[in-house]
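The values are calculated or read from the model by the stated rules, or taken from the named source; none is laboratory data. Just so it is clear, the structure is predicted and the values come from calculations on it, not from any experiment. Here Cβ is always computed from backbone atoms with ideal geometry, including for glycine, and neighbour counts include all displayed protein chains. Remember, those area values only see protein heavy atoms, side chains included, never the ligands or the DNA or RNA. Shrake-Rupley method; radii C 1.70, N 1.55, O 1.52, S 1.80 Å.
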Amino acid sequence: LEASGSGRRLVLSRPEAYTALATGESISCSGVCLTVLDGAARDLAFDVSPETLERSTLGSLRRGDPVNLERALAAGDRLGGHFVSGHVDATTDVREVRPEGGFYTVVFGLPNAISRYVVEKGSISLDGISLTVAHLFGDAFDVAVIPHTWEATTLKSRPPGARVNVEVDVLGKYVERLLGLGETRDARLARLLA
């Protein structure tokens, strides 16, 4: 993570499977949508804006830290989870990790700012991993993690206290906006009087 103007440049080791990348292609880096600077380069490099550094965990990365990578879904591909855009809504902390016979239950804090969008058995993205909310507990929620997801992602390297990026299901945000549910009383009144 190198200084680059008022932001940073994130440089990652290029995985073998990431061939034929185009300059300008979008890649999710631990749940944050970033743009490839040079698709032909040996390493992957991305410019990270001050807004992204403030809203996500990317600014706290250190040399050697693992990140989850996922290329953008191509039109016509099968959709194996929910829509994840790479637009981080908040960060939260890992509260507890419970191994359960090869499976894992991971408990996360539930920031008040996004709590209305998180529903039991609904979709949530944590560090870019599409997961299902198993249970809600006031200011926390948990997810059940299968062995493949545990081994193939950075969840296994996130102990209690670690921060992760959170993206809620965008459908709830659109419904709220369309119905005007997120407006303050004064904003709703001004809209109705306009």
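To the nearest 10 square angstrom, what accessible area does residue 115 show with a 1.4 Å probe?
We get 40 Å² for residue 115.
Please list, in order along the stretch 163-177, the HN-Hα scalar couplings obtained from phi with the Karplus expression 6.51 cos²θ - 1.76 cosθ + 1.60 (θ = phi - 60°), rounded to whole Hz, x for Gly and Pro.
With the stated coefficients, the stretch 163-177 comes to 9, 9, 7, 10, 10, 7, 5, 4, 4, x, 5, 5, 4, 4, 5 Hz.
Taking the simple approach of a point 7 Å from Cα along Cα-to-Cβ for both residue 119 and residue 178, what is their distance in nm?
Rounded to a tenth, the inter-label distance reads 1.3 nm.
If each of residue 9 and residue 26 carries a label point 7 Å out from its Cα toward its Cβ, how far apart are those two points in nm?
A separation of 2.4 nm, rounded to one decimal place.
Translational D (Stokes-Einstein, µm²/s) of the chain at 25 °C and 0.890 mPa s when Rh comes from the Kirkwood sum over C-alpha pairs?
In µm²/s, the coefficient is 135.
Give a residue-ordered list of calculated ³J(HN,Hα) values for the stretch 69-84 (Karplus: 6.51 cos²θ - 1.76 cosθ + 1.60, θ = phi - 60°; whole Hz; x for Gly, Pro).
10, 8, 6, 5, 5, 7, 4, x, 6, 5, 9, x, x, 9, 5, 10
Could I get the Rg over Rh figure for the stretch 100-189? Both from C-alpha atoms, Rh via Kirkwood, rounded to two places.
Here the Rg-to-Rh quotient is 1.05.
Using R₀ = 30 Å, calculate the FRET efficiency as 1/(1 + (r/R₀)^6) where r is the Cβ-Cβ separation of residue 82 and residue 18; round to 0.05.
Using R0 = 30 Å, I get an efficiency of 0.80.
Using only Cα atoms, what is the ratio of the radius of gyration of the stretch 1-55 to 2.2 N^0.38 Å?
1.09
Tell me, what HN-Hα J-couplings in whole Hz come from the Karplus equation 6.51 cos²θ - 1.76 cosθ + 1.60 at θ = phi - 60° for each residue of the stretch 24-33, using x for Gly and Pro?
x, 5, 8, 9, 7, 10, 6, x, 10, 6
How much of residue 139 can a 1.4 Å solvent probe reach, expressed as accessible area in Å² and rounded to 10?
Residue 139 has an accessible surface of roughly 90 Å² with all protein chains in place.
May I ask you to list the residues of the stretch 19-56 whose amide nitrogen lies under 14 Å from a point 7 Å from Cα along the Cα→beta-carbon direction of residue 2?
37-38, 41-48
Picking from 35, 52, 19, which is most flexible by a Gaussian network model of the chain using Cα springs under 10 Å?
Residue with maximal mean-square fluctuation among 35, 52, 19: 19.
Say we join alpha carbon atoms closer than 10 Å with springs in a Gaussian network model of the chain; which of 84, 48, 175 then has the biggest fluctuation?
Maximum among the listed residues: 175.
Take the chain, connect every pair of alpha-carbon atoms lying under 10 Å apart with a spring to form a Gaussian network, then pick out the residue of 152, 17, 41 with the largest mean-square fluctuation.
Looking only at 152, 17, 41, the biggest GNM fluctuation is shown by 17.
Using modelled amide H (1.01 Å from N, peptide plane; none on Pro or chain starts), what sits under 5 Å from the amide H of residue 134, excluding residues fewer than 5 places away?
121, 142, 143, 144
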